[in-house]
Amino acid sequence: MALFSSLTPVIVAVICICLAALWRDKRKATGERKVKTEERVSSRPWVDDDLRDETELSVEENTSECLEKDVEVQHILYSPKRYSEDEMICRANGFYQLMNERRSVRFFSEEMVPREVIDSIIRTAGTAPSGAHTEPWTFVVIQDPEIKHQIREIIEEEEEINYKKRMGKTWVADIKQVRTNWIKDYLDTAPYLILIFKQTYGILPTGKKTHYYNEISVSISCGILLAALQNAGLVTVTTTPLNCGPRVRIILRRPVNEKLLLLLPVGYPAKGATVPGFTRKPLDEIMVFV
Ligand code: IYR
């Protein structure tokens, strides 16, 4: 009895530790985060809450130890070129015409494209705005035929499952008009594959750095990249290989904070390449002017 009562505090402490561990695991499993006092007070969600995916659950927010030292950024005068109204209208229409010729192409020529063009296109994509200027993107350009083929094998294996099981009948029916399937010849034939990774957080020597709105930032840079490709006379198809991200990331030796967002085969169209005869919604269907 005496032994039991002397052990009681120890037993209580062990039970408390176990309960705390269970509670922490449950919070981890459900993706719950520590709610900061200010958030509770304002009951507003953290800026990226709606963009989290299950692969990011283990990401903790910045702790005070891993905040970067405040860097004083000087503000400088900015006076971009101004055009006359006529010139503006002409440029806006010209750019629309160029972009309206863009089509998603799935048939590629093997013809090489100068590396300098690709470098310039990636530089252009890197001009996108990003949350707190974190520039949370990595563009992996693959030219090596063996690595392209390894990527193809992973993607075709997963896409076959996607088409047959994961996507469901409605999805498969909806994309029938595109006449695509899990066989992706373009992953071998296109001279380059550009794989765009979103950095879900940054890695500093002191810890993790929050990459605000990283998915939106990287998506904007992808849009700019598509415009740059079109401007250079190259073609691509925006692909989002379902379930391939982790395997592709490992082959490319990219770190865990990087998640595959888009894969773009890039090159010239093959002779006789075809595209679906889609039309675009007219202005009055896509714009509301108040
Ligand atoms: N990612 C698949 C399926 C696919 C899905 C949509 I939504 C498309 O607009 C086109 C294809 C593929 O690339 O085949």
Rounded to one decimal in nm, the spacing of the 7 Å Cα→Cβ label points at Thr127 and Val71 is 2.2 nm
Extension gain His149-Arg253, at 0.36 nm per residue separation less the Cα-Cα distance, in nm?
35.8 nm
When only DSSP loop residues count, what chymotrypsin sites (Phe, Trp or Tyr not before Pro) in the range 81-179 have their Cβ near at most 15 other Cβ atoms within 10 Å?
Tyr83
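Using a simple charge model, +1 on the beta-carbon of Lys and Arg, -1 on the beta-carbon of Asp and Glu, nothing else, what dipole does the range 111-272 show about its Cα centre, in debye to the nearest 20? Walk me through the intermediate numbers first.
Values: 20 positive and 17 negative charges, 95 e Å.
The calculation lands at about 460 debye.
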Classify the range 105-172 as rounded, prolate or oblate from the Cα gyration tensor: take a ≥ b ≥ c as the square roots of its eigenvalues, call it rounded if a/c is under 1.5, otherwise prolate when a/b beats b/c and oblate if not.
oblate
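Bear in mind these aren't lab numbers, they're just calculated from the coordinates by the rules spelled out. Predicted model, so just to flag it, every value in this text is computed and none were measured. For neighbour counting, all protein chains shown are included, and Cβ atoms are generated from backbone atoms with ideal geometry for every residue, glycine included.
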